[in-house]
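Everything below concerns the one structure shown next.
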Amino acid sequence: MTEMNNGTTFTGSAQARGRGDGTSGRVLHPIPAGLAALVLTVAAATGAAAAQPEAAKPVKTPGPRAAALLVPSNTNFKLTPKLERDTGFAAVTQPSVGVYCFAPKKGVKIRDAVPNMTVDFVQSLDNTGMVQWLSDATRFGCKTNEIGAITLVPDGGGVVLRSNLVAFSIVVD
């Protein structure tokens, strides 16, 4: 509906007439002001009722299933990482350089988990590093019930190498 300066309200047809000038060719028909007010009132009432969202269902366990900050050994000779700000993980092990296996605490289900990992700038000794999730961590020495991660750094020649110099956070929702 369109209201003109003189108070007349128009309703239009959305059918294009094919003028070839890029306009829609809308035809406007005058309607009485009282009818326009009634149409707007009914539209607002029915729209408001339809717009009510369904009540949200409560989450069984709010927050992540598990989360931690992994601090590496910062040497490629010592495989002794540690977890800080840890919740939901029983332990972290390191079967080889740059590979980390996170074991969940009893009762934390991770079978269908998709973890999120982010490099920590402050704790990392090589800030060009990256962390990636190992969707099949058993191929890298982790157990079937563990989440695997690998940390890598560029060597400058376009190749990335495993590294113990990259700290990262892990969150499992």
Could you list 135, 124 in order of exposure, starting from the residue whose Cβ has the fewest other Cβ atoms within 10 Å?
135, 124
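Can you sort 146, 84 so the residue with the fewest Cβ neighbours within 10 Å comes first? Working shown, then result.
On the way: 146 21, 84 12.
Arranged by neighbour count, lowest to highest, 146, 84 become 84, 146.
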q = 0.11, 0.13, 0.22 Å⁻¹, segment 66-172: log10 I(q)/I(0) [Debye, one scatterer per Cα]:
-0.29, -0.41, -1.18
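Cut-off is 10 Å between beta-carbons; in what order do 136, 86 appear when sorted fewest neighbours first? Spell out each step's value before the answer.
Numbers: 136 9, 86 18.
Taking fewest neighbouring Cβ atoms as first place, the list is 136, 86.
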Label 7 Å along Cα→Cβ of residue 135; segment 103-123 residues with amide nitrogen under 11 Å?
none
Taking 0.36 nm per residue of sequence separation and subtracting the Cα-Cα distance, how much length would be gained by fully extending the chain between residue 75 and residue 171, in nm to one decimal?
32.1 nm
Treat each spin label as a single point 7 Å out from the Cα along the C-beta direction, and report the residue 109 to residue 82 distance in nm.
3.4 nm
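So between residue 91 and residue 143, what do we pick up on full extension, going 0.36 nm a residue minus the alpha carbon distance?
Details: separation 52, 0.36 × 52 = 18.72 nm, distance 1.23 nm.
My answer for the length gained is 17.5 nm.
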If amide H atoms are modeled at 1.01 Å from N in the peptide plane, then the residues at a separation of 5 or more from residue 90, or on another chain, having amide H under 5 Å from its own are 103, 105
For segment 113-127, Karplus couplings with θ = phi - 60° (6.51, -1.76, 1.60), whole Hz, Gly/Pro x
6, 10, x, 10, 10, 9, 5, 9, 5, 5, 7, 7, 8, 10, 7
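Where a number appears in this text, it was derived from the coordinates with a stated rule and is not lab data. Note that this is a predicted model, so its numbers are computed, not measured. So basically every Cβ, Gly included, is an ideal-geometry build from the backbone, and we count neighbours across all protein chains shown.
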